[in-house]
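Rule-based calculations on the coordinates, nothing more; no lab input. Treat the numbers as computed from the prediction; the structure is a model and nothing was measured. Positions of Cβ are generated from backbone atoms using ideal geometry, with glycine treated the same way; all protein chains shown enter the neighbour counts.
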Amino acid sequence: MKEKLLEKIKERKLKVGIIGLGYVGLPLAVEKAKAGFLTIGFDVQKNKTRQVNRAENYIGDVVPQELAEVVKSGMLCATDDFSQISQVDFIAVCVPTPLDKHQQPDLSYIEASAKQIAKYMKKGTVVVLESTTYPGTTQELVKPLLEQNGFKCGTDFYLGYSPERVDPGNRIYKIKNTPRVVGAIGKDAAEVIAQMYKTVLEAEVAVLSSPAAAEMEKLLENTYRNVNISLINEFAMLCHKMGINVWEVIEAAKSKPYGFQAFYPGPGIGGHCIPLDPYYLSWKAREYGFHTTMIESAMTVNDKMPEYCVSRVADMLNQKTKSIQNSKILLLGVAYKQDVSDYRESPALKIWQLLEKKGAAVEYYDPWVPNVRVNGEIKISRPMLTADMIKEYDAVIVSTAHTNVDYSLAAKNARAIFDCKNALKCITERENVEVL
Ligand SMILES: NC(=O)c1ccc[n+]([C@@H]2O[C@H](COP(=O)([O-])OP(=O)(O)OC[C@H]3O[C@@H](n4cnc5c(N)ncnc54)[C@H](O)[C@@H]3O)[C@@H](O)[C@H]2O)c1
């Protein structure tokens, strides 16, 4: 089985299936197709499969021209017909891994995908889970589901885990040039999976001893970010109390050429990964009677940041003898980070809700996000940032630092600005500016 698969990879005869065509799956499908592998994308959302088949791009990191080329040449197509799994040799699973309402891992999407794969896969298929999850998922959850119909892992199919590291909006590191980590059940599976990634990527592929080690590696990456962001958020709050500018402190610390990596404060953490993934780890840790105290503290600090920002805005308005109640506030940016359209878990939306609760009328401008859902209602972005428009508001909050927003216009025309991202660092006239 191993030799056959390696030969198919070499000859580009391996057919690929990507389950889940979102922020991770669509760029991955395009990359595989570009590398010469016939690729079928699977998604439960018909509108996504239709859009792919019409070569209509809906993910910022995908180059529209590249999508058009692979669709036109027949190298990539999409479907919601899971019986076509029987046609593919290599399957990457890129479905969501959210938290449920009790902040516990919700693996229902992985489970559903594994059941579909088990139903239709043929002997000799390679399955790789790419969704972020707790250590043990591949071995304890996915393997038994794939073996349900009598196939044996290692002899009838190969199974492994390779975390996705795509960083939406990153201009340097894309899927193709980002190193990969692979962990699989059995040496042969690891060799085949690693070879597949090596063939598609222009980056190192590291093979770990097990899927659990690879699952843990991904959680280390994201927990590391979460914990360091919380540390710098704590520093920001302390610096404010002490009358010290935390941004100046960070810049100075960066001059040390070793032993320090800069993280920046902000209104909280957002996106589908950094706020959620550490919960996967702390949940699993409890099975071993282990309390991830560092993670819990980090979460406590980060989760409080929207509230802290609102209290700073209240202080700022207070100095102008205004209250949040009945004030008109403009949020500049609702995306969870700069230069992306994704607003999942965005702290800007938490700030919005808190302000509304205190009686403010909130609107937003974000050139990347034409509309958002807040408290179940669709809100539309102000179409343009103009001097007159900015003057309508009692306060402006810079909640995302996009590179295509004119912050100097905001500084010139706003009555008061609370800058959560130090986006106005180059503005010298700062009487109306408060920075986090
Ligand atoms: N977005 C990121 O920046 C990023 C980075 C690294 C890792 N990840 C991880 O990758 C995984 C996917 O994240 P995403 O951001 O691409 O999510 P997403 O919501 O953008 O895309 C997931 C897709 O899977 C589809 N789907 C759901 N259930 C399905 C099923 N049973 N069969 C087929 N398709 C199904 C959804 O319709 C959706 O299109 C998550 O585990 C996430 O933590 C995300």
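Annotations
- Note on the chain: antiparallel DSSP beta bridges, both residues inside, total approximately 15 percent of the bridges counted.
- Filter on LYS350/LYS412; LYS101/LYS350; LYS15/LYS123 - keep pairs with C-alpha separation over 19 Å: LYS350/LYS412
- Cα-based equivalent ellipsoid, the chain: semi-axes from gyration tensor eigenvalues, Å: 43, 24, 19
- For the chain, the longest principal axis of the C-alpha atoms and the axis of helix 347-357 are separated by about 50°.
- Net dipole in debye of the chain [+1 Lys, Arg Cβ; -1 Asp, Glu Cβ; about Cα centre; nearest 20]: 460
- Applying a threshold of 23 Å to the alpha-carbon distances of LYS337/LYS425; LYS10/LYS46; LYS72/LYS337; LYS4/LYS122; LYS32/LYS122; LYS34/LYS337 flags LYS10/LYS46; LYS72/LYS337; LYS34/LYS337 as lying beyond it.
- Rounded to the nearest 5, the antiparallel percentage of DSSP beta bridges internal to the range 73-225 is 20%.
- In the elastic network of the chain, a GNM with C-alpha springs shorter than 10 Å, the most mobile of SER162, SER311, SER73 is SER73.
- Options TYR173, SER108, GLN195, ranked by Cα towards positive dipole end of the range 2-209, top entry (Cβ charges): GLN195
- Database remark: amide H of VAL181 closer than 5 angstrom to the amide H of ALA206 (H placed geometrically; neighbours at sequence offset of 5 or more, or on other chains; Pro and chain starts carry no H).
- Applying the criteria of a DSSP loop state and at most 10 other Cβ atoms within 10 Å to the trypsin sites (Lys or Arg not before Pro) of the range 157-262 yields ARG171.
- Fluctuation leader among ILE172, ILE329, ILE91 - the chain, Gaussian network, Cα springs under 10 angstrom: ILE172
- Percent RCO, i.e. relative contact order, over the chain, from Cα pairs under 8 Å lying at least 6 residues apart: 10
- Looking at the range 22-127, the GluC sites (Glu not before Pro) that sit in a DSSP loop and have at most 16 other Cβ atoms within 10 Å of their own Cβ are GLU56.
- Charge tally around THR300: other residues with Cβ under 12 Å, Lys/Arg +1 each, Asp/Glu -1 each, net -3.
- Against the empirical curve 2.2 N^0.38 Å, the C-alpha radius of gyration of the range 2-209 lands at a ratio of 0.95.
- Qualifying chymotrypsin sites (Phe, Trp or Tyr not before Pro) in the range 50-122, where qualification requires a DSSP coil assignment and no more than 16 other C-beta atoms within 10 Å, comprise TYR58.
- At 1.002 mPa s and 20 °C, Stokes D of the range 229-435 from Kirkwood alpha-carbon radius, µm² per second: 120
- Between VAL62 and any residue 5 or more places off or on another chain, the built amide H atoms are never under 5 Å apart.
- Distance between the range 103-120 and the range 383-436 - C-alpha centres, whole angstrom: 44
- Inter-part distance where the range 26-70 and the range 172-188 are each reduced to a Cα centre, Å: 20
- Counted residue by residue at 0.36 nm each, then reduced by the alpha carbon distance between them, the extension gain from ALA361 to ASN149 reaches 70.7 nm.
- Vicinal HN-Hα couplings computed from phi for the range 394-402 (Karplus, 6.51 cos²θ - 1.76 cosθ + 1.60; Hz; Gly/Pro x): 6, 8, 10, 10, 8, 9, 9, 9, 5
- Taking the Cα centre of the range 2-209 as reference, the dipole from Cβ charges on Lys and Arg (+1) and Asp and Glu (-1) amounts to some 460 debye.
- Computed label-point distance, nm, for sites VAL44 and LYS254 using a 7 Å Cα→Cβ extension: 4.3
- Rg ratio (alpha-carbon, reference 2.2 N^0.38 Å) - the range 320-385: 1.10
- Lys/Arg +1, Asp/Glu -1 at C-beta; the range 229-435 dipole; positive extreme among ALA285, ASN245, SER399: ASN245
- Positive-end ranking of SER73, ALA360, TYR336 along the dipole of the chain, with charges on Cβ about the Cα centre, is headed by SER73.
- Contour excess over end-to-end distance, with Cα ends at TYR173 and SER83 and 0.36 nm allotted per residue: 28.9 nm
- Student exercise, the range 389-436 dipole from Lys, Arg, Asp, Glu Cβ charges, in Debye to nearest 20: 100
- Scalar couplings 3J(HN,Hα) for the range 3-15, obtained by applying the Karplus form with A = 6.51, B = -1.76, C = 1.60 to θ = phi - 60°, are 4, 4, 5, 4, 5, 4, 5, 4, 7, 6, 9, 6, 9 Hz; x denotes Gly and Pro.
- The orientation-averaged projection of the convex hull spanning the C-alpha atoms of the range 229-274 amounts to 3.7 square nanometres.
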